[in-house]
Amino acid sequence: MPILLLLLLLPISLQAQSLRGGIAFSDIYSAPFISPHQYQLQPVVGLHFKLRTLQDTLWILEYEIGFQEKGYATQQDVAGQRQDYQLNFLYFYQQVMVSRQLSPLLDAYGGLGINVLLWPTLRTASDTIRMRDTYSSVDLSIIAGLRLFPASRLSMDFRASSSIFPVLRYEVFDDFGNPAGSKRGIRHLTLEATLMLNIYKNRKTMFR
Amino acid sequence: MKKHSAFLGILFLTACVEIFVPDPVELRIPRYSEKGYQVAGAYVNELAWKTEVFCSIFGGCSIPLRISTNTNSEQLLLNFDGQIQEGLQRGKRLILLFRLNDLNITRLSELTSLQGQLFSIEAGELQAEAGDYDTSIGCQRGQLLVRRVFIDKSEADGSLGYIIAGTFGLECEQDGERLNIYQGRYDFAVNSLFTVYDSLEVTGPQ
């Protein structure tokens, strides 16, 4: 699926002005029914486009597509022994951002992302199981970040993103199987540290 | 004949292959679904239990769900055949037998009348036992809820069948042995290809 998407996006990919790759600390919140949970280190890769300047050259409209794995780790007690589980969600993301040059060495930006869930899995020590039909297929997120050395060949990007809406609607049962309502929960929270390889060493936009 | 049996065996295993989608919170048991995933699961004394398709070297395969009636069709019998999935008892076979009383179901198509019905041991609508082929323990408390029964139009061979899904919980005790079976859920596709039902007249849904 990711390869197919890349092929479909090949024409637009060739227009990319930066390549972005790195790691993300990924965890969840607003999930009181999942305890404990810990962050996971996940990969993120993307193509970055500076679309056009807004009003003055300090403000730029940006667009990015890529793949990001989000998730969390949790444990359960099984017959007195701790068993580890990793929940991984591979997303194809598209983000629209507005950046503002704060200084020649620093940009700040914020925006919105649409994340399409491609492959949710549960990993145990012995198995990987696909979690089909369980989580929302689309995760809307709000993002904010800082970019260091934006006009050099290699810049550093620090980005935080959070789900706007929960991605799980969970039906609850009591011990005997009586329906006990439904709960909504699980929002993704990611902190990304990535490097951007810039094709142009300035703040050139695709369109004026 | 051998070729015929082998072909039927492959067909059987293909149709019975379960789709285990874990519950997003109770990760060790299947999540409640209504898709015909051919699986039932529960906690049995806090250990995960799940139906399985497994074959013996002496011949024959287990069937995760068997639906049958007693001789006068007053009781509908549901058999969930599975194994403990973890701990020292991993691999131990455990069959749950539910006897649904006073139903008088004679045709497979009449299963749809079960939709939304709750069968309780305390109310005398249900008898249940848990065990293997040698021994079983009667259950004194518990229930089986049939949440959905509907016609399944997605059979790969074009034939029609039924999907039956619901939840259950049981407390069974006998001679000092106690089984607490909690958070049970099941989701089966009952199709006309294989002998997952006995004593029921098969008339396909119209």
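The values are calculated or read from the model by the stated rules, or taken from the named source; none is laboratory data. A quick note: this is a predicted structure, and the numbers were derived from the prediction, not measured. We place every Cβ from the backbone using ideal geometry, glycine too, and count neighbours over all the protein chains shown.
Observations on the structure shown:
- The single condition from (1) crowded, with 20+ Cβ neighbours inside 10 Å; (2) of a type outside the set (S, T, N, Q); (3) in a loop (DSSP other than H, G, I, E, B); (4) within 23 Å of the chain's Cα centre (by Cα) that residue A:165 fails is (1).
- When restricted to residues that are part of a loop (DSSP other than H, G, I, E, B) and aliphatic (A, V, I, L, M), the range A:139-162 contains 1.
- If you go through the range A:125-147 and keep only what is in contact with a strand residue (DSSP E or B) (Cβ under 6 Å, 6 or more places away or on another chain), of a type outside the set (D, E, K, R) and either buried (at least 19 other Cβ atoms within 10 Å of the Cβ) or within 9 Å of chain B (Cβ to nearest Cβ) (or both), you end up with A:129, A:131, A:135, A:141, A:143, A:145.
- Counting only residues that are in contact with an Asp or Glu (Cβ under 6 Å, 6 or more places away or on another chain) and farther than 27 Å from residue B:168 by Cα, the range A:180-194 holds 2 of them.
- Which numbered condition residue A:126 misses (of (1) in a strand (DSSP E or B); (2) out of contact with any helix residue (DSSP H, G or I) (no Cβ under 7 Å at 6 or more places or on another chain); (3) not basic (Lys, Arg)): (1)
- Considering residues of the range A:176-196 that are touching a Leu at 6+ places or on another chain (Cβ under 8 Å) and under 14 Å from residue A:32 (Cβ atoms) only, the residue farthest from the other protein chains (Cβ to nearest Cβ): A:184
- Within the range A:172-188, the residues that satisfy the criterion of being over 20 Å from residue B:144 (Cα atoms) and of a type in the set (D, E, K, R) are A:183, A:184, A:187.
- Qualifying residue in the range B:88-110 (condition: buried (at least 20 other Cβ atoms within 10 Å of the Cβ), more than 25 Å from residue B:47 (Cα to Cα), among the hydroxyl-bearing types (Ser, Thr, Tyr) and modelled with pLDDT under 90): no
- Within the range A:4-28, the set of residues being modelled with pLDDT of 90 or more and closer than 27 Å to residue A:167 by Cβ comprises A:20, A:21, A:22, A:23, A:24, A:25, A:26, A:27, A:28.
- Matching residues, the range A:159-185, being of a type in the set (Phe, Trp, Tyr) and out of contact with any Lys or Arg (no Cβ under 8 Å at 6 or more places or on another chain): A:176
- Residue check, residue A:29 within 21 Å of residue A:145 (Cα to Cα) and in contact (Cβ under 8 Å) with a residue 60 or more places away in the chain: yes
- Strands (runs of 3 or more DSSP E) contained entirely in the range B:73-187, each with at least 2 residues that are within 14 Å of chain A (Cβ to nearest Cβ) and among the basic types (Lys, Arg): B:136-152
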